Amino acid sequence: MINFSYTIWILILPFFMFLLLGLAGHKLFKAKLSGLLGTGGLGIITILSYITAYRYFFVTGKIEGAFQKITAVNITWLQFTDKLHIDMGVLLDPISVMMLVVITTVSLMVHIYSLGYMKGEKGFERFFSFLSLFSFSMLGLVLATNIFQMYIFWELVGVSSFLLIGFYYQKPSAVRASKKAFIVTRFADLGFLIGILILSFNTKTFDFITLTNPTGTAILQGTGIGFLGLSIMTWSMIFVFMGGVGKSAMFPFHIWLPDAMEGPTPVSALIHAATMVVAGVYLVARMFPIYAISAPVALHVVAYVGAFSSLFAAIIACTQTDIKRVLAYSTMSQIGMMMCALGVASYGGEEGLGYMASMFHLFTHAMFKALLFLGAGAIIHAVHSNYMTDMGGLRKYLPITHITFLIACLTIAGIPPFSAFFSKDEILTAAFHSNKILFGVEYAVAGLTAFYMFRLYFNIFWGKDTQYHHTPHEAPATMTIPLILLAIASLFTGFIPFNKLVTSDSKVLESGLEMMIAIPSVLIGLLGIGIAYVMYRKETSIPDRLATTFKYGYKWAYNKFYIDELYLFVTKKIIFRYIAQPVAWFDRHIVDGTMNAIATVTQVISFRIRGFQSGQLQKYAFVFITGVIMLAIFFIYLWK
Amino acid sequence: MNSGIPLQYFLILATVMFFTGVYGFLTRRNLITILMSVELILNSVNINFLAFNRYLYPHKLEGMFFSVFVIAVAASEAAVAIAIIINIYRRFTTINVEDVNEMKF
Amino acid sequence: MASNQIMFILFSVMIVVFSVLTVTSRRILRAAVYLLFVLVSTSGLYFMLNYQFLAAVQLTLYAGGIVVLIIFSILLTSHISQNFESSGWKKNIFSAIAALIGALLSIITILDYKFSATTEVAQEVNMKLIGKSLLSTGYDGYVLPFEIISVLLLAAMVAAIVVAKKVSPKSAELQNLKQ
């Protein structure tokens, strides 16, 4: 047994970096140095994570053919009573180690990339300290030993996301977006908290190992008691999933994600594509035994929410022109697919394929989506615009970006031998074997994905020859190196034998490509690419004609199906007007009024009675003597 | 010397003197006359002490000694009060108690 | 009517009349003189009660000391002939009512109360006994209050000097600066 207690440094180091850069950054170091410090710190963590992953997967983690959950560090943090205590610690199991690798890899790439991208920005140190804070919180989230620790880091992740989206805090739109992201996710987290409370009330534990032990007793608690036709356990898991819906930008809490693109692009790559938004998927995966064994209804909810979100987002993505928004909706769509895959899985054996597929896709998605975002960042950096209408023919100016972006697009479209081909194929297989409707939806989404990604690709790199004010130039090496590294990762991560490493019951899962699924999925990918090629390879009038033909559909999709407007209507017109306004009136006039009245009365009375303090000796004496006489009368005649 | 005069006569006399002093204390405006009223009050108390001593406890001397001490206290009080009055006069150029109201709100 | 009763009535009338005059006289010096009469009459009462020593003290200390002090201060702070303006009638009436009620209350209480007559033999009050009592520490000894009163008198004397002392030019300047 290898001692894993050094893994605590994976948490301590970024937190230390955050404090160092945040508190002393702009005083002690030059901007460049603090960037290098942050990146260096993260490099060390990355190396530590790789070592941990190697030792866990290949040296020690496996006992009797299954990966064990290892509590590397456990500290009792808050001891309320003997039984009720909240711990902090590090839990190693296949998914947490996998997430460790994903987070540190992408984060390191983003750090390096940011050295170039954020160069000369005001608040360079602040940016890196926030990145460190985010890395700390995200790592704490995935390594959490108990659900309460997870919740704490879950909120910390939300805070760092808020800080990073609002990084350009002088831009009103960024401020709005950060507020929106925070409030929406916070609202969803309320559900998460309720879920945690119900769950731990029933099972009397926070600890993941106890909770998710498929043969333990905790998992069977509360399955019988019903409320509205569903068991208590199901309700708690639905509430827990609500937190995941918020964080992972699933329908109906997806509205914050597109706006979150106001943040710097590296942030979008790190937080809103690769790591934080998959926290919801991770959460479901973490609690998966409970979902699969005691709350199958909740798992169905997961599947349908995931599938609907993926289709919904894919349709919207086809109409957007802001490239970061297209990518944001694509992220939402891909995460929906992961959720859907989780939802169709069940615990153990062949039926657990969806779980494996989801984790696999999470892994590959993190790589290629980070690559897409970083590539988009390089393009925006060169063109100084977010809109694909301002772009075109960029392949001549940005060769490296072009190649890496193309690789990423081919990956997401699911073309072999790129990584997402394998993972997406697993998802489709899992869906096919469990629910044909969901399979149909995911199949359509695969085609749409290929279409809108290549629409993006052709619009940016081919299409019309746009005249630029400044000739766009290739990004500096700090930006292109991460792109190349991530492109390599996108190429080869598909060959990682996930079925041997990350499965629902931690045992080896025998699965291979099913040609019956693989061939149609490649075909629909190619079809999507083909349509995009016809429509956008050269400047044509087909898109406009299509837009006019399907005027209403296009308009609805372009305006994101008016979900934002609906929420605005509900909040502004209904909640604000009919609840908040009367409450505000009550507060201002009744509550404040009472206070003001008390103050006014006191003031008036004191103005009146201050005459008593006249400074006239004889008045005082008069009062004194009268009082004495009164008291004498009282005690002599009235006190019997 | 005091046969035929009941104790109550002395007490009533002292009461009248006392409340005359109180009246003076409440109405006079000159600080010195206020001081005089205080002297009246102290005197009436002395009469009481002596009358009680003579009528109720003639074998003891407590009342008389109390009176001695009251007189001593009255003397020192008068000395300090007059010093204060003179100081007030220096500062305000008046000893009208109604004008000396620096301590008001 | 015995002679001592006549004397008592005489002293009482004098005390009451001069007390009232003291507190109502418009002229301050006259008020002081009326006070002197009150004090002298009181000492007469003391003689009647057979406390010759105290009567003597009353005469010397009160009539001789305090009244003279008061007259001095009057001379220092006001003109001899100065009338002082009558205070407001409201104040007078209310004060008189308060005083009257208080006096009535006390007198009624005094008249109601049955004072138990004593059978003890009166003690001869001579100077020797007074001196011994004042300086003895045993039962009926008053050395402690005597010492305290001596310290008090000393303190009062010092205080009077300090308070009434003319301010030195330097500290006066300081005081002006403060104001």
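Every number in this text was worked out from the coordinates using simple rules, so none of it is lab data. Since the model is a prediction, treat every value here as computed from it, not as a measurement. Using ideal geometry, Cβ is built from the backbone for each residue, glycine included, and neighbour counts are taken over all protein chains shown.
Numbers at a glance
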quantity: Selection from A:MET109, A:ALA177, A:LEU362 lying farthest towards where the dipole of chain A points positive, charges on Cβ; calculated: A:ALA177
quantity: Helix A:147-165 axis, angle to chain A major axis (alpha carbon atoms, nearest 10°); calculated: 80 degrees
quantity: Charge dipole (debye, nearest 20) of segment A:1-87; +1 at Cβ of Lys and Arg, -1 at Cβ of Asp and Glu; calculated: 360 debye
quantity: For the protein assembly as shown, with +1 on Lys and Arg beta carbons and -1 on Asp and Glu, the positive-most of A:LEU23, A:LEU617, A:ALA475 along the dipole; calculated: A:LEU617
quantity: Whether segment B:7-92 is rounded, prolate or oblate, judged on the alpha carbon gyration tensor where a/c under 1.5 counts as rounded; calculated: oblate
quantity: Cα-centred dipole magnitude for segment A:80-177, charges only on beta-carbon of K, R (+1) and D, E (-1), debye, nearest 20; calculated: 480 debye
quantity: Footprinting exposure proxy for A:TYR329, A:TYR443 (fewest neighbouring C-beta atoms within 10 Å first); calculated: A:TYR443, A:TYR329
quantity: Residue of C:VAL23, C:VAL57, C:VAL143 that the Gaussian network model of chain C assigns the largest fluctuation, springs spanning Cα pairs under 10 Å; calculated: C:VAL143
quantity: Nearby aspartates and glutamates by direct alpha-carbon distance to A:LYS30 (threshold 17 angstrom, same-chain neighbours under 8 apart not counted); calculated: A:GLU121, A:GLU125
quantity: Burial ranking of peptide ranges C:104-116, A:40-52, A:353-365, A:300-312 (average Cβ count within 10 Å, highest at the top); calculated: A:353-365, A:300-312, A:40-52, C:104-116
quantity: Cα-Cα over 28 Å, subset of A:LYS247/A:LYS560; A:LYS424/A:LYS507; A:LYS69/A:LYS179; A:LYS27/A:LYS119; A:LYS180/A:LYS204; calculated: A:LYS69/A:LYS179; A:LYS180/A:LYS204
quantity: Binned Cα-Cα distance frequencies in segment C:1-84 - 5 Å width, integer %; calculated: 3, 16, 21, 21, 17, 11, 7, 4, 1, 0
quantity: 0 to 90° range, to nearest 10: angle between helix A:232-247 axis and chain A longest Cα axis; calculated: 80 degrees
quantity: Candidate lysines for bridging to C:LYS91, where Cα separation is under 27 Å - those fewer than 8 sequence places away on the same chain excluded; calculated: A:LYS619, B:LYS104
quantity: 14 Å beta-carbon shell around C:ALA99, net charge (K/R +1, D/E -1); calculated: +2
quantity: Qualifying chymotrypsin sites (Phe, Trp or Tyr not before Pro) for segment A:538-640 [loop in DSSP, other Cβ within 10 Å: at most 15]; calculated: A:PHE550, A:TRP639
quantity: Distance (nanometres) between label positions extended 7 Å along Cα→Cβ at A:THR602 and A:GLU474; calculated: 7.4 nm
quantity: Estimated distance in nm for a label pair at A:THR215 and B:HIS59, the labels positioned 7 Å out from Cα along Cα-to-Cβ; calculated: 10.7 nm
quantity: Selected from C:ASN4, C:MET48, C:LEU100, residue furthest toward positive end of dipole (chain C; charges at beta carbon); calculated: C:LEU100
quantity: Lysines whose Cα lies under 24 Å from that of C:LYS166, excluding same-chain neighbours fewer than 8 positions away; calculated: C:LYS178
quantity: Two-site FRET efficiency, A:ILE519 against A:ILE542, from Cβ-Cβ distance with R₀ of 30 Å, rounded to 0.05; calculated: 0.60
quantity: Per residue convex hull volume, Cα atoms of chain A, in Å³; calculated: 248 Å³
quantity: Net charge of neighbours whose Cβ lies under 15 Å from the Cβ of A:SER173, counting Lys and Arg as +1 and Asp and Glu as -1; calculated: +2
quantity: C-alpha long axis of helix A:31-54 to longest principal axis of chain A, angle in °; calculated: 70 degrees
quantity: Shielding score for A:474-482, defined as the mean number of other chain Cβ atoms within 10 Å; calculated: 0
quantity: Other protein chain Cβ atoms within 10 Å, averaged over every residue that makes up B:48-56; calculated: 4
quantity: Cβ-based net charge around A:SER419, under 14 Å, with every Lys or Arg adding one and every Asp or Glu removing one; calculated: 0
quantity: Nitroxide proxy distance, nm - points 7 Å out along Cα→Cβ at A:ILE574 and A:GLN170; calculated: 4.1 nm
quantity: Sequence of A:HIS589, A:HIS470 once ranked by neighbouring C-beta atoms within 10 Å, starting from the fewest; calculated: A:HIS470, A:HIS589
quantity: Taking only Cα atoms of segment A:1-110, radius of gyration then Dmax in Å; calculated: 16.7, 54
quantity: Most mobile listed residue (B:ARG29, B:ARG90, B:ARG54) in chain B, GNM with C-alpha springs under 10 Å; calculated: B:ARG90
quantity: Residue-averaged beta-carbon neighbours from other chains (10 angstrom radius) around C:131-138; calculated: 1
quantity: Packing-based exposure ordering (other Cβ within 10 Å, fewest first) of A:GLU155, C:GLU124, A:GLU121; calculated: C:GLU124, A:GLU121, A:GLU155
quantity: Top of C:LYS90, C:LYS128, C:LYS165 by mean-square fluctuation, Gaussian network on chain C, Cα under 10 Å; calculated: C:LYS165
quantity: About the Cα centre, charge dipole magnitude for the protein assembly as shown (Lys/Arg +1, Asp/Glu -1 at Cβ), debye; calculated: 2300 debye
